[in-house]
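The values are calculated or read from the model by the stated rules, or taken from the named source; none is laboratory data. Please read these numbers as outputs of a predicted model, since none were measured by experiment. Here the Cβ positions follow ideal geometry from the backbone for every residue, glycine too, while neighbour counts run over all protein chains shown. All accessible areas refer to the heavy atoms of the entire protein, side chains included, with ligands and DNA or RNA removed. Shrake-Rupley method; radii C 1.70, N 1.55, O 1.52, S 1.80 Å.
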Amino acid sequence: MAGSVRDVTMRWREKLLFEGGAPGRPAILVDGDGAAATSPVELLLLAAATCSASDVVVILQKQRVALRSLEVAVRGTRRETEVKARRAIDLSLEKYCSVVASLAPDTRITYDVALR
């Protein structure tokens, strides 16, 4: 399936509640607040858990292991610190750093952030 094109559609219902999915399949609800349905971040964790669990099921089937039960628990932490670090760097490069401001306007500056 790698490289296969997938299509989904999403429709706003009310407040931050949306429904969507693949054409011809049942729609799922997603709530931006996480109050009435799964939130987008929770949906991402669910997708990662399901993807990995699918691999485990297929591998065990190929090994002729009779799977009776499988449960996956996933916990994720948002990387807000990375967003804040990128914003601080952008502010420095675009507004505050007089050294960068003195460079030629066509000087290209790129960066990456790695937090540990």
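In this structure, does LEU60 turn out to be modelled with pLDDT under 95 and open to solvent by less than 70 Å² (accessible area, probe 1.4 Å)? Step through it out loud before you land on a result.
Values: modelled with pLDDT under 95: no; open to solvent by less than 70 Å² (accessible area, probe 1.4 Å): yes.
It is false that LEU60 is modelled with pLDDT under 95 and open to solvent by less than 70 Å² (accessible area, probe 1.4 Å).
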Please go through region 56-93 and give me each residue that is of a type in the set (Gly, Ala, Ser) and within 21 Å of THR110 (Cα to Cα), ordered by number.
ALA85, ALA88, SER92
Pair list, Cβ < 6 Å and 6+ apart or interchain, from region 80-107 residues that are within 30 Å of VAL41 (Cα to Cα) to residues that are among the aliphatic types (A, V, I, L, M) and assigned to a loop (DSSP other than H, G, I, E, B):
THR81/LEU115; GLU82/VAL113; GLU82/LEU115; ALA85/VAL113; ARG86/VAL113
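Test ALA36 against the stated conditions and say whether it is within 28 Å of VAL8 (Cα to Cα), hydrophobic (A, V, I, L, M, F, W, C) and either open to solvent by 90 Å² or more (accessible area, probe 1.4 Å) or without any contact (Cβ under 8 Å) to a residue 24 or more places away in the chain (or both). Steps first, please.
Details: within 28 Å of VAL8 (Cα to Cα): yes; hydrophobic (A, V, I, L, M, F, W, C): yes; either open to solvent by 90 Å² or more (accessible area, probe 1.4 Å) or without any contact (Cβ under 8 Å) to a residue 24 or more places away in the chain (or both): yes.
Judged against the criteria, ALA36 is a match.
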Out of the residues in region 10-26 that are more than 27 Å from THR77 (Cα to Cα) and of a type outside the set (D, E, K, R), state the one that is least open to solvent (accessible area, probe 1.4 Å).
ALA22
Tell me which residues, restricted to region 78-112, are acidic (Asp, Glu) and open to solvent by less than 80 Å² (accessible area, probe 1.4 Å).
GLU82, ASP90
Residue by residue through region 12-26, note down the ones that are outside any strand (DSSP E or B) and either over 26 Å from SER69 (Cα atoms) or β-branched (Val, Ile, Thr) (or both).
LYS15, LEU16, ALA22, PRO23, GLY24
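Only one residue in ALA66, ALA53, ALA35 is more than 24 Å from ALA114 (Cβ to Cβ), among the small types (Gly, Ala, Ser) and in a helix (DSSP H, G or I), so which one is that? Steps first, answer last, please.
Numbers: ALA66 fails: in a helix (DSSP H, G or I); ALA35 fails: in a helix (DSSP H, G or I).
That would be ALA53, the only listed residue that is more than 24 Å from ALA114 (Cβ to Cβ), among the small types (Gly, Ala, Ser) and in a helix (DSSP H, G or I).
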Of (1) over 18 Å from the mean Cα position of the chain (by Cα); (2) open to solvent by 80 Å² or more (accessible area, probe 1.4 Å), ALA73 satisfies every one except (1)
